[in-house]
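The values are calculated or read from the model by the stated rules, or taken from the named source; none is laboratory data. Because the structure is a prediction, the values reported are computed rather than measured. Cβ sites come from the backbone with ideal geometry, for glycine too, and all protein chains shown count toward neighbours. These area figures cover heavy atoms from the full protein model, side chains too; ligands, DNA and RNA do not enter into them. Shrake-Rupley method; radii C 1.70, N 1.55, O 1.52, S 1.80 Å.
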Amino acid sequence: MPEEPYMSSFRDNVQSIHFQLVSIRPIGGFSHSYSDTWNKVGGELADDDEFGGQLKRKLNNEDVIIAKAKTFKTDNDKIAYVFNEVKNSMKWDGVDDWETNDGTHRAWENKSGNSAEINLILYHLLKQSGLEVYPMVVSTRENGKIDRYYTSLAQFNRTVVYLPVDSTKSYVLDATGKYNIYNETPEELLNSSGLYIDKAKKFFDIVDLQRTAPVRHVVLLSADIKPDGKLEGEAQITCMSYDRINAIEKYKTDGEKKYIDYLRDNDNNMTISSIKLENMDIDTLPLTEKVAFKLDLAASDDNYIYVNPNLFTPLKKNPFMGENRLTDIDFGYSKSYFINGVYKIPPGYKVDALPKSISMVLPDKSVSFKRFVAEQDGSIVIRYTINYDKAEYSKDIYPDFHEFFKKMHEMVNEQIVLKKG
């Protein structure tokens, strides 16, 4: 099976048979059942010394963190403080597991551990700070989604922390990722399930891990079209949620120079003279990127200027070019894009060709595209609104998906043409 854009995992997309020992009935002996229910799986975890046995294990100097956490007035402030203390203090060794290796005490001393050790440390400190939290076992996207009918611990490969806020809201915290934030379920855990453990009440339950609200991505662009076939202006890109996290990680990992190349889409005709990122250190606010740029407009000559308004958007390349698809599509989360561009027409030029205002939807109405174009006060205004109302799409609808994305990318890249005279 080939890798396809936005596929979840190999395991999710192949047919397979899994066997599980449910019970033994020896002749003349007592029958014994194993983990044939999630309640029994949870009970095994609660009794396991490398999981349940770590939950109350004291950590060196934990009293300092706990005392400070209790000074915060709101639960969110407490959670954010403890989460960042663990995330910034501990180094993940790259090993994913639902059970500890050296135990939480030694991992805390060494400031390094596997995913279970780091997140059970986080659980312990949050619990001691007076918060209602539970350890939870999950499966990462690469490992595959949890099958609710296959009650086996073998499906899980990571421990995290589950914190119910109210009847409609909960947090799933994972301190292994240096760019994770406390109030967003890590992207690699979405569209699967987790089993949380309430050892005190002997209650164990499966919870769906999803982000129902769409992630908004806004691009506002204002530019002057120059008579010499150049475009000069500013763009403001506002990223929220996972788009924010991914942008910050890319910027800090690659450095500003490579990040600028990424924004330019390696277009040698574009020059970015300045870039400013705001709210990088405030998890509760969207990331705002302010970019000043110049662009040589390719194919322009003495009589015509051609402008492609698809600038600084995540819509540069169509990921669904293949005629056929073998796997389901998993975006991780629903998305909403709003792109607004204002292009000032230079003196001595007039509009020769302008994209038309148009809207279209996927047959099941789960993806929509709208384009508004108008000439106003000597400028061209063009707006795109694109909504993906679902995170997951069956490969059965791929023919419609393929045709929709082909048309949408053609429309996003349709050019403005100006004529001299």
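Provide the per-residue ³J(HN,Hα) series for the stretch 38-52, in order, calculated from phi with Karplus coefficients 6.51, -1.76, 1.60 and θ = phi - 60°, each as a whole number of Hz, with x at glycine and proline positions.
5, 5, 6, 4, x, x, 4, 5, 4, 8, 6, 5, 8, 10, x
Please state, as a whole number in µm²/s, the translational diffusion coefficient that the Stokes-Einstein equation yields for the stretch 129-227 at 10 °C and 1.306 mPa s, with Rh defined as the Kirkwood radius across alpha carbon pairs.
103 µm²/s
Assuming a ≥ b ≥ c are the square roots of the Cα gyration tensor eigenvalues, decide whether the stretch 379-421 counts as rounded (a/c under 1.5), prolate (otherwise, with a/b larger than b/c) or oblate.
Verdict is oblate for the stretch 379-421.
Nothing charged except the Cβ atoms of Lys and Arg (+1) and of Asp and Glu (-1): what's the magnitude of the dipole of the chain about its Cα centre? Round to the nearest 20 debye.
Approximately 780 debye in magnitude.
Along each of its three principal axes, how wide is the spread of alpha-carbon positions in the stretch 62-205, in whole angstrom units, largest first?
Cα spread of the stretch 62-205 along its principal axes, largest to smallest: 44, 36, 29 Å.
As a test of the formula, what do you get for the chain when each DSSP H run with n ≥ 4 contributes -39,500 (n - 2.57) and the sum is divided by the residue count, at 222 nm and rounded to the nearest 500 deg cm²/dmol?
-6500 deg cm²/dmol
Would you list R211, R325, R25 from the most to the least accessible area, probe 1.4 Å?
R25, R211, R325
Local charge sum around S167 (other residues, Cβ-Cβ under 15 Å, Lys/Arg +1, Asp/Glu -1)?
That sum, taken over residues with Cβ under 15 Å, equals -3.
What ranking, highest mean first, results for peptides 135-146, 39-50 when packing means the other Cβ atoms within 10 Å averaged over each residue?
The peptides rank, most packed first, as 135-146, 39-50.
Rounded to whole Å, give me the distance from the Cα center of the stretch 328-344 to that of the stretch 276-296.
When both Cα centres are located, 17 Å separates them.
Assuming 0.692 mPa s and 37 °C, estimate D for the stretch 310-357 with Stokes-Einstein, Rh taken as the Kirkwood radius over Cα pairs, in µm²/s.
214 µm²/s
List the lysines whose Cα sits under 17 Å from the Cα of K258, skipping any in the same chain fewer than 8 residues away.
K250, K276, K290
Would you mind getting the accessible area per residue of the chain, heavy atoms of the protein chains only, 1.4 Å probe, in Å²?
51 Å²
Could you calculate the FRET efficiency of E278 with D77 from 1/(1 + (r/R0)^6), where r is the beta carbon distance between them and R0 is 22 Å, rounded to 0.05?
It comes out at approximately 0.50.
Apply 1/(1 + (r/R0)^6) to the Cβ-Cβ distance of E62 and Y306, taking R0 = 60 Å, and write down the FRET efficiency to the nearest 0.05.
It comes to 0.40.
Dividing the Cα radius of gyration by the Kirkwood radius, what Rg/Rh value follows for the stretch 347-421?
That ratio is 1.12, to two decimals.
Along the stretch 101-115, what does the Karplus equation 6.51 cos²θ - 1.76 cosθ + 1.60 (θ = phi - 60°) give for ³J(HN,Hα), rounded to whole Hz, x for Gly and Pro?
So the Karplus estimates, Gly and Pro as x, are 9, 9, x, 5, 4, 5, 4, 5, 5, 7, 6, 7, x, 7, 5 Hz.
Could you work out how far apart the two model spin labels at D396 and R25 are, taking each label as a point 7 Å from the Cα in the direction of the beta carbon, and quote it in nm?
3.8 nm
Report the Cα centroid-to-centroid distance between the stretch 354-419 and the stretch 46-84 in angstrom, as an integer.
Computed from Cα coordinates, the inter-centre distance equals 48 Å.
Tell me, Kirkwood radius of the stretch 6-54 from alpha-carbon pair distances, in Å?
Final number for the Kirkwood radius of the stretch 6-54 is 14.0 Å.
Give the share of C-alpha pairs in each 10 angstrom bin for the stretch 162-288, from 0 to the last occupied bin, in whole percents, shortest bins first.
Bins of 10 Å from zero give 10, 33, 26, 17, 9, 4, 1, 0 percent of pairs.
Rounding to the nearest 20 debye, state how big the charge dipole of the stretch 119-257 is about its Cα centre with +1 on each Lys and Arg Cβ and -1 on each Asp and Glu Cβ.
With Lys and Arg at +1 and Asp and Glu at -1, about 460 debye.
Using the C-alpha gyration tensor of the chain, what are the square roots of 5 times its eigenvalues, in whole angstrom, with the largest one first?
That gives 49, 27, 16 Å for the three semi-axes.
Tell me which lysines have Cα within less than 18 Å of K127's Cα, excluding those fewer than 8 residues away on the same chain?
K56, K58, K68, K70, K73, K78, K87, K199, K201, K202
Heavy atoms of the protein only, probe of 1.4 Å, neighbouring chains included. What is the accessible area of E323 in Å², nearest 10?
E323 exposes around 130 Å² with every protein chain in place.
Just the Cα atoms of the stretch 212-371: what Rg and Dmax do they give in Å?
17.7, 53
Provide, for q = 0.16, 0.19, 0.23 Å⁻¹, the log10 of I(q)/I(0) from a solvent-free Debye sum over equal Cα point scatterers in the stretch 1-103.
-1.03, -1.13, -1.25
Just the projected area, averaged over all directions, of the convex hull on the alpha carbon atoms of the stretch 68-131: how many nm²?
4.1 nm²
Can you sort W38, W108 by solvent-accessible area, 1.4 Å probe, largest first?
W38, W108
Can you give me the angle between helix 75-89 and the longest principal axis of the chain, using Cα atoms only, in degrees from 0 to 90, rounded to the nearest 10?
90 degrees
Quick check: with the 1.4 Å probe, what order do V86, V22, V207 take by accessible area, largest first?
V22, V207, V86
Express in Å², to the nearest 10, the accessible area of E109 obtained by rolling a 1.4 Å probe over the protein heavy atoms while all chains stay in place.
The value for E109 is about 100 Å².
Return the carbon/sulfur percentage of the accessible area of the stretch 64-123, one whole number, probe 1.4 Å, all protein chains in place.
With neighbouring chains kept in place, the figure for the stretch 64-123 is 43 percent.
What are the ³J(HN,Hα) values, in whole Hz, obtained from phi via the Karplus relation 6.51 cos²θ - 1.76 cosθ + 1.60 with θ = phi - 60°, for each residue of the stretch 393-406 in sequence order, with x given for Gly and Pro?
9, 6, 4, 5, 9, 4, x, 5, 4, 4, 5, 4, 5, 4
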